[in-house]
Amino acid sequence: MCTVAVGVGNGETVSVAFARHVESGECPQDAVKVKAKYKCSMDGCSKRGVVQNLCFGCRKHHCLKHRHEFDHGCASASGQAGGASSSAAAHLASKAGAAAVGLVPSGQSSLDKVVAKDAMICLNMDESNSARSLRALFNNSSAGVVSDCDEQLLLSIPFTKMVKLGALLLRGPAGSAPKSLRLFINSPDMDFDDAEDAIPALELDLSERQAFGHELIMLDNAAFLRVDHLTLFVASNQAEGEVSVIDRLAFYGPV
C-alpha cells in the first residue's frame, strides 16, 4: 500500500481524494499496479482506479475525470423538474443524505434537531405543497419546496437556540436546483424586496455539485458565529427556468 499521507479537501470523498493522489504521480507505481482494478465505465476511457468511486446516480465506477454525472452522461443529470424520475435519479435522491455524512467537516455535526421546523415559512411556494413539505426538507424524500409564480423562493428558517453554522447542504433536481443564493442572518421578517436590496451575509452562485447536494456550502465567515434565524433567498436556478425546487436541506456546526 502507498505510505504517502493524502489530504481530503472540503467537499471531497476519501475515494475522490485518493484517486486524485494516484493520478498526480506521487503514488508509488508498484502500489498502483497492484491495486488499480476498477476500470472507468465511461465509453472510450481505459483508466483504472485503486478504490471504487461509484456514481450516486447510475452506481457505476468512474475515474476522477468522469466522476461527475454531467461528465459521463448519467441519466440522473438529465431529468427535468416535475417529470417522471428515472431509477437512477431516485437512487441519487435517496443517497444524498447519506453522502452528506462523508462531507461533514471534522468537529461538526448535524444541527437539524435545533431547527424550528414548524415555524418555517416559505414565500412563493406552490400552494399544492403544505407545511409538511417544509419539514420534508430535512428528510431523505422527494417532497420538497417548489416555486409558484416565478423562479424565486424565500425561506425563513428559525432555530430553537443560538447556533454557530459551519456548513449547509442544499439539494435540488437537475435543471431546477438553485443557482443564485443569498443568505441573511437574524432577519426574520424579510420579504422579496428586502432580500433583493439588503446586504447578505453570503452571496454566491452555486456550482452544480453544490446545487445537487454533492458538495457542502461552507459558512466560514464571522457572520455565522451566532445565528438564531437564517433566511435563504433563491433568485435563480441552474437552468434559468421559471420553476426552482429544493428537496433537501441540512445544517452543520461545531458539536
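FYI, it's all coordinate maths here, none of it is from the lab. Because the structure is a prediction, the values reported are computed rather than measured. Note: ideal-geometry Cβ built from the backbone for every residue, glycine included; neighbour counts use all protein chains shown.
Classify the range 131-201 from the C-alpha gyration tensor, please: rounded if a/c falls under 1.5, else prolate or oblate depending on whether a/b exceeds b/c.
On the way: a/c = 1.61, a/b = 1.15, b/c = 1.40.
Oblate, since a/c reaches 1.5 and b/c is not below a/b.
Full-extension gain between GLU208 and GLU127, please, as 0.36 nm times their residue separation minus the C-alpha to C-alpha distance. Don't skip to the answer; put the middle values down first.
Details: separation 81, 0.36 × 81 = 29.16 nm, distance 2.73 nm.
Answer, rounded to one decimal: 26.4 nm.
How would you classify the range 107-254 from its alpha-carbon gyration tensor, with a ≥ b ≥ c the square roots of the eigenvalues: rounded for a/c under 1.5, else prolate if a/b is greater than b/c, otherwise oblate? Present the calculation step by step, with values, prior to reporting the outcome.
Numbers: a/c = 1.29, a/b = 1.28, b/c = 1.01.
Since a/c stays below 1.5, the shape of the range 107-254 is classed as rounded.
Would you kindly state how much longer the chain becomes between LYS39 and LYS65 on full extension, computed as 0.36 nm times their sequence separation minus their alpha carbon distance, in nm to one decimal? Each step should come with its number before you reach the end.
On the way: separation 26, 0.36 × 26 = 9.36 nm, distance 1.26 nm.
Here the segment from LYS39 to LYS65 would lengthen by 8.1 nm.
Using a 10 Å cut-off around each Cβ, can you sort GLU208, GLU127, GLU151 from fewest to most neighbouring Cβ atoms?
Lowest count first: GLU127, GLU208, GLU151.
Under a point spin-label approximation (7 Å from Cα along Cα-to-Cβ), what is the ASP150-GLU240 distance to one decimal in nm?
Reported label-point gap for ASP150 and GLU240 is 1.6 nm.
Local charge sum around ALA223 (other residues, Cβ-Cβ under 15 Å, Lys/Arg +1, Asp/Glu -1)?
Numbers: positive: LYS164, ARG182, ARG226; negative: GLU203, ASP220, ASP228.
Residues near ALA223 contribute 0 overall.
If packing is taken as the average count of other Cβ atoms within 10 Å, what order do 107-118, 153-164 fall into, highest mean first? Kindly include the intermediate steps, with their values, before the conclusion.
Working: 107-118: 15.2, 153-164: 17.4.
Order by mean packing, descending: 153-164, 107-118.
Please compute the net charge surrounding ASP191, taking Lys and Arg as +1 and Asp and Glu as -1 over other residues with Cβ under 14 Å from its Cβ.
Numbers: positive: ARG182; negative: ASP189, ASP193, ASP194, GLU196, ASP197.
Summing Lys/Arg as +1 and Asp/Glu as -1 gives -4.
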